[in-house]
Amino acid sequence: MKLITKCASTLATALFCASALAAGYPNHPIKLIVPFPPGGGTDLIARELAKTLSQQNGWNIIVDNRAGAGGDIGVAAAAKAPPDGYTWVLGQTSNLAINPTLHKGLPYDPFKSFAPISLVAESPLVMVAPKSAKYDNVAEFAKAVHTAPANSMNIGLPGIGTVAHLTTVLFERTADIKVTNVPYKGASDGLPALIGNQLQAYISSIPTLLGSIKAGQIKALGVTSQSRVSVLPDVPTIDESGYKGFNATTWFGILVPAKTSSDICAALNQAINKAVQDPAFVKQMQAQGAATLGGSSADFTKRLHADYDMWADLIKQAHITLAH
């Protein structure tokens, strides 16, 4: 009986998708909005996904970079687009799960403005230290903070209100330490200070720091996911370093405007789930320290609600504001 039910569900999904495609969708180019500039991690994921989907389905997908206001401009543009399946956005943790708490009066609502299609990938951050540091993992770093003179340990922040900033605060609270937060304008801006021993630690994205780690300019202390990453196989997770349950990653997912028809959403979900399993796509994500995801629209919605609640709670407890 369970097998029959499962087959019936699969058949229903296939019929939905067939309905969308039989109706001629898509019959003109699809616009995939990336709310950040070209060349960054979000842009790379979007372009690899667009390429894979185009190869598998013959679709014409145009990547449209709409940078500004920490990504909010591009996300807002997608929210206002017609719900016809021809405008997508690659949303991520910062815009959908963090900014709604930090930015008042956003021109979109993460839960009402969109129909989540599928998660695509997630990427952990990595905590690093100067190569001359006497600590080699996050537990030793926390011990060094406890024994150091007050206000003598600095940790860099790649922007206020970013996932990296909140992950840093989460680690401070988890490890019960207090360090001096030093904010920078972008992910790579803190590197010179770290290499020059002006910072004692830094948490940022793996692609930003990977080159310096491999060159031996800095050393990795721990990754923020609950599983190790293939590009840094010898670097332990913060979870396995004594802080059980620690998990902070940036996820990326495709959304379309709310009220997009259910048959189009089902067709897109099926196509994206196939794309993220493509070996070439998986390999490209792993090279950036990311893991592919996929799943149902309900899975995406559940993850969005969980992360929204987690980060909103941290922001409020730590009294974080954009003027912090």
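The values are calculated or read from the model by the stated rules, or taken from the named source; none is laboratory data. Fair warning: this is a prediction, and the values are worked out from it, not measured in the lab. For neighbour counting, all protein chains shown are included, and Cβ atoms are generated from backbone atoms with ideal geometry for every residue, glycine included. Only protein heavy atoms, including side chains, enter the accessible area calculation; ligands, DNA and RNA are left aside. Shrake-Rupley method; radii C 1.70, N 1.55, O 1.52, S 1.80 Å.
Data for the structure
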{"quantity": "Derived scalar couplings ³J(HN,Hα) [the stretch 142-150; Karplus, 6.51 cos²θ - 1.76 cosθ + 1.60; whole Hz; x for Gly, Pro]", "calculated": "4, 5, 5, 5, 4, 9, 7, x, 4"}
{"quantity": "Euclidean distance between Cα centres, the stretch 117-151 to the stretch 220-284, Å", "calculated": "21"}
{"quantity": "For the stretch 198-209, 3J(HN,Hα) per residue [Karplus equation, 6.51 cos²θ - 1.76 cosθ + 1.60, θ = phi - 60°, Hz, x = Gly/Pro]", "calculated": "7, 10, 9, 6, 7, 10, 7, 6, 4, x, 5, 9"}
{"quantity": "Share of carbon and sulfur in the accessible heavy-atom surface of the chain [1.4 Å probe, %]", "calculated": "56"}
{"quantity": "For the stretch 115-128, 3J(HN,Hα) per residue [Karplus equation, 6.51 cos²θ - 1.76 cosθ + 1.60, θ = phi - 60°, Hz, x = Gly/Pro]", "calculated": "10, x, 9, 6, 5, 10, 7, 9, 9, x, 9, 9, 8, 10"}
{"quantity": "Contact order relative to length of the chain, as percent, for alpha carbon pairs under 8 angstrom and 6 or more apart", "calculated": "27"}
{"quantity": "Highest-MSF residue in the chain out of I73, I254, I117 [GNM, Cα springs under 10 Å]", "calculated": "I73"}
{"quantity": "Accessible area per residue in Å² at 1.4 Å probe, computed on the chain", "calculated": "45"}
{"quantity": "Highest-fluctuation residue, T174, T147, T42 considered, GNM on the chain with Cα pairs under 10 Å", "calculated": "T147"}
{"quantity": "Candidates per trypsin sites (Lys or Arg not before Pro) in the stretch 132-219, loop by DSSP, up to 14 other Cβ within 10 Å", "calculated": "K134, K178, K185"}
{"quantity": "Of K274/K302; K51/K80; K185/K219; K31/K214; K214/K302, those spanning more than 28 Å from alpha-carbon to alpha-carbon", "calculated": "K31/K214; K214/K302"}
{"quantity": "Built amide H within the under 5 Å cut-off of F114, gap 5+", "calculated": "A258"}
{"quantity": "Of T93, T180, T162, the one that fluctuates the most in a GNM where the chain has Cα springs shorter than 10 Å", "calculated": "T180"}
{"quantity": "The stretch 21-67 versus the stretch 158-218: alpha-carbon centroid distance in Å", "calculated": "31"}
{"quantity": "Interchain or long-range residues, amide H under 5 Å from L221's placed H", "calculated": "M127, V128, A129"}
